Every structure is written in structure tokens, then in C-alpha cells.
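Okay, structure first, notes after.
The values are calculated or read from the model by the stated rules, or taken from the named source; none is laboratory data. Predicted model only: the values in this text are computed from it and were never measured. Cβ coordinates were reconstructed from backbone atoms using ideal geometry, including for glycine residues, and neighbour counts include every protein chain displayed.
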Amino acid sequence: MPLIINVPQLITCDAVITGNINCGGVPVQGAEIFFDHFPDNVVFYDPNPAISDVNGDFSTNVTVLPGTPLLSIDVHATTEVEGEILEAHVGAQAECPTVECPCKFRIGVRRNRAHANVEITNQGVASTLRGTINVTAIQCFTAKPGCDPDVDNFHVTFKSGASTINFILGRRIEIECIDDTFARVRGTALAIGNVFQGLFEVLIEVSIGPGNIGTWTVLANDNMGHTFSTTFTARMSPITSIGECDVQF
């Protein structure tokens, strides 16, 4: 009993997803097909669920959250027919860029190295690793009095003994700044190393206190039973700068 979905390879702001469901070649009418995706909160579906017609065909309109840079998503469709759960997964790329930046920042750990305890979940098994970490993020930053939306990068590197976990090629979904003491970026990054691989949603936050000491939080999740979580303190890199946008380039 196949469930088939047709997803455009590139979704720019909006598109239509179509599909079909049949049983032994006989169309299934009235089936409810539910849609979700990873990473969360970047794509919306209407209707959700979609309802199959007399030919087993269905469709839904997909809308990408404005401000979403180019990123990879996994579209997931599920339905239940005669007590059987059917699923379909299709990978795609989605984007809906805007030219505006709400703020800008360039943050990093002093000397590119700090000690941290990291809680991980690997295929449902939880453990704690202690090692060294480095975090950097450059978002909308320019030394001029303005913001450049083309500046978009963050990465995290962590090593504990023989275990390495790196999140590279980070691309933002959203950023936030408060005065010159807090910066936050949420986006997607590619996990490499000998513990995790694949696309993760990553959150990086830092709050800067007296003595230029930053309290960092890093959370990552691939929605498939793999997570990364840590909070640690470290002096801020001299490159650190958090500011507002007087001009958009």
C-alpha cells in the first residue's frame, strides 16, 4: 500500500506538494495525510491534513517562513489506512530570504578553547562527555555602521578523548540581540565527527557578564534520537561585537 509524495527539489517561499495513495493499485479515497518536517518551524502546510480524492490524489500548499536562508529539510508524510501506518520521506531545500537583519554580532570563545561538560543522546542512549569546546558565530556583521545579511556563519567544535562532535556550515533561521550583552542564533548545521553525522538544528546563546565572561548555551537536535546540550562559561574573544543595524546593505 504505497504512499507517494512529490516535493519540489527547491522550495522558494511557497510551493505545492502533491501525492497519491493506493492499495494494490486501487486508489484510497478519504485518507488523511499529515505533514511535518525537520528542522521544525520553518515550513507550514495548508491544508494539514490533506484528504485524498476518488483517485487517491491529494495536495497541500507549503509556505516557508520569511527570513529562512537556504537549508535542507526532510518532508515527512504519514497516514493510517485500515489500521496500518504509512509514511513517506522526501528531502528538499527550502528558502525565503529577506534583506533585513534585526541586529548583528560577531562572538567567540577567547583563545578558541574552553572546558565544558556536554550531555548527549545517541540513538536514545544518554551520556556525559567532558572536553574542550569552541563556538563562533558571525551574523549580519560588518565593521561599518550597518548590517550585511549575506554574513551568515556559525560553528561548534567539541572534543572529549577520542570523541569528536563538530557542527559546521551553520546557517541561521533567526537571530536576536539585547543591547551589547546578549546574542542568540538558531539555525541548521552539518554534524561531522565520529559521534554524530547529518543535519541538526542548532541553538547558540551567550550572555556577557562582568569581566567579559560569557555564559554560553549550545543545544542541537536532529529529531531522530540524537541530541547535544551544554552550558559553560568562558571569556569572550576580543573579536566580540554586538550591535544594532543603522543601515541595511
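Name every residue in region 151-183 that is touching a residue at least 60 places away in the same chain (Cβ under 8 Å) and surrounded by fewer than 19 Cβ atoms within 10 Å (Cβ to Cβ), in order of residue number. Scanning region 151-183 gives GLU174, GLU176, ASP179, ASP180, THR181, PHE182. Taking each residue of region 1-17 that is assigned by TED's automatic domain parsing to the domain that holds LEU86 and looking for partners that are at pLDDT 90 or above and part of a loop (DSSP other than H, G, I, E, B) with beta-carbon atoms closer than 6 Å, six or more apart or interchain, yields ILE17/VAL7.
If a residue must be under 23 Å from the mean Cα position of the chain (by Cα), assigned to a strand (DSSP E or B) and touching a residue at least 60 places away in the same chain (Cβ under 8 Å), how many such residues does region 201-230 contain? Final tally of qualifying residues: 11.
Collect the residues in region 171-200 that are within 20 Å of CYS101 (Cα to Cα), at pLDDT 90 or above and in a strand (DSSP E or B), keeping them in residue-number order. Correct list: ILE175, GLU176, CYS177, ILE178, PHE182, ALA183, ARG184, VAL185, ARG186. Annotation note: of PHE58, PHE35, the sole residue that is farther than 30 Å from VAL202 by Cβ, in contact (Cβ under 8 Å) with a residue 24 or more places away in the chain and buried (at least 21 other Cβ atoms within 10 Å of the Cβ) is PHE58. Of everything listed in (1) touching a Pro at 6+ places or on another chain (Cβ under 9 Å); (2) in contact (Cβ under 8 Å) with a residue 60 or more places away in the chain; (3) in a strand (DSSP E or B); (4) surrounded by fewer than 17 Cβ atoms within 10 Å (Cβ to Cβ), the single unmet condition for THR79 is (4).
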